[in-house]
Amino acid sequence: MYKLVFMLLMMVVWMLMHSLQTDEEMAISALFQGKHAVNRAAHAAAQQIDSAALANGRLHIDEAAARAKANLYLQRNLLLDTNGMPLPGTFLKERVEVVAFEVVNDDESFPYYYRNDSFNYEVTLQRPGVVLIARIVYPRVFHVIDPIEWTIKGTAELTS
């Protein structure tokens, strides 16, 4: 009888450990997906050059177009609606929030040292670029691990 109880107890422990492993692997996969989405959004935003400034020989990013393109890329890559809420049936469950979006344009001197103490982020830009920081919450599947919230940072420069 004690062997049967021991075996049942070990099965519970094994299932718990298996759930933990699966949740951790899915969390890392979600982190990579979020990082790729933020990097793609920052890169797309950094390519929104102002045509009028370019006609005058300046490399200048159109801030409104950059923000719109970054939001579009986040929506498409993370399957979000226009408010940043995940679409029904998708993996994420909470709103993806852009907590910092900054365009560093040609009115700065380069190399430009960007620092954001709120999110502990530093980067040096060699030409005009975009800094994008988004907050993504991992929807735990088995609730074995503690809740995970990431502040994902991405930067891209205007390519010539």
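None of Ile152, Ile61, Ile49, Ile133 is of a type outside the set (Lys, Arg) and within 30 Å of Leu16 (Cβ to Cβ) except Ile152.
Condition check ((1) over 23 Å from Gln48 (Cβ atoms); (2) open to solvent by 90 Å² or more (accessible area, probe 1.4 Å); (3) assigned to a strand (DSSP E or B); (4) of a type in the set (D, E, K, R)) across all residues:
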site	(1), (2), (3), (4)
Lys69	no, no, no, yes
Leu72	no, no, no, no
Thr82	no, yes, no, no
Leu92	yes, no, no, no
Tyr114	no, no, yes, no
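Only one of the listed residues (Val144, Val130) is surrounded by 15 or more Cβ atoms within 10 Å (Cβ to Cβ), touching a residue at least 24 places away in the same chain (Cβ under 8 Å), part of a loop (DSSP other than H, G, I, E, B) and touching a helix residue (DSSP H, G or I) at 6+ places or on another chain (Cβ under 9 Å). That residue is Val144. Of everything listed in (1) modelled with pLDDT of 85 or more; (2) at negative phi, the single unmet condition for Leu79 is (2). Restricting Lys3, Lys35 to those that are of a type in the set (D, E, K, R), over 30 Å from Leu79 (Cα atoms) and part of a helix (DSSP H, G or I) reduces the list to Lys3. Scanning the stretch 43-62 for residues that are under 15 Å from Glu157 (Cβ atoms), in a helix (DSSP H, G or I) and open to solvent by 60 Å² or more (accessible area, probe 1.4 Å) gives a single hit, His43. Between Ala42, Ala53, Ala70, the distinction of being in contact with a His (Cβ under 7 Å, 6 or more places away or on another chain), among the aliphatic types (A, V, I, L, M), touching a residue at least 12 places away in the same chain (Cβ under 8 Å) and within 18 Å of Pro128 (Cα to Cα) belongs to Ala53 only.
The values are calculated or read from the model by the stated rules, or taken from the named source; none is laboratory data. Keep in mind the model is a prediction, meaning the values are calculated, not measured. Cβ: placed from backbone, ideal geometry, glycine included. Neighbour counts: every protein chain shown. The area values use the complete protein model at the heavy-atom level, side chains included, leaving out ligands, DNA and RNA. Shrake-Rupley method; radii C 1.70, N 1.55, O 1.52, S 1.80 Å.
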